[in-house]
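We did not get these values from a lab; they are worked out from the coordinates using the rules stated. Just so we're clear, the structure is a prediction, and the values are computed from it rather than from any experiment. Cβ: placed from backbone, ideal geometry, glycine included. Neighbour counts: every protein chain shown.
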Amino acid sequence: WDNADFSRGVGTTFYQEFSTLNTAKPPFVRDVEAKVRQYLRSSYSAVWTLKITWEKAPAYAPRTDTRKTITYQAVLTTDGFRSYILMLYQDGGMQWDYNRLPSTNVLIGYT
């Protein structure tokens, strides 16, 4: 795990919330439901989904190169009983040079 540093004016973070309890589901939520069903081989119908995007995020540390950025998303979703998270990374995976970070034991994911 490592931290992004937006203090130098590079990159941004934004989010979008989808509450779909009694409304039509947008294509994004239907895609999330399909992914959960595919990975877990079970039925799933989301009532709430949150998409968080870190766009062109540079690594935290003044000595790192701000041209080495990463765009990634965390998608949290629940049916009211079960909750899931999808971690989505740009093609090519993590772009930060972990050899130049303060800590070299970098993980991608969550626990």
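Just a few scattered comments:
- Counted by Cβ distance under 14 Å from A74, the other residues give a net charge of 0, where Lys and Arg count +1 and Asp and Glu count -1.
- Simple spin-label estimate for D5 and S43 in nanometres, 7 Å along Cα-Cβ: 5.1
- Per-pair calculated FRET efficiency, R0 = 41 Å: L21 and K56 via Cβ, rounded to 0.05: 0.75
- Derived scalar couplings ³J(HN,Hα) [region 37-51; Karplus, 6.51 cos²θ - 1.76 cosθ + 1.60; whole Hz; x for Gly, Pro]: 4, 5, 6, 9, 6, 8, 6, 7, 9, 6, 10, 7, 9, 10, 10
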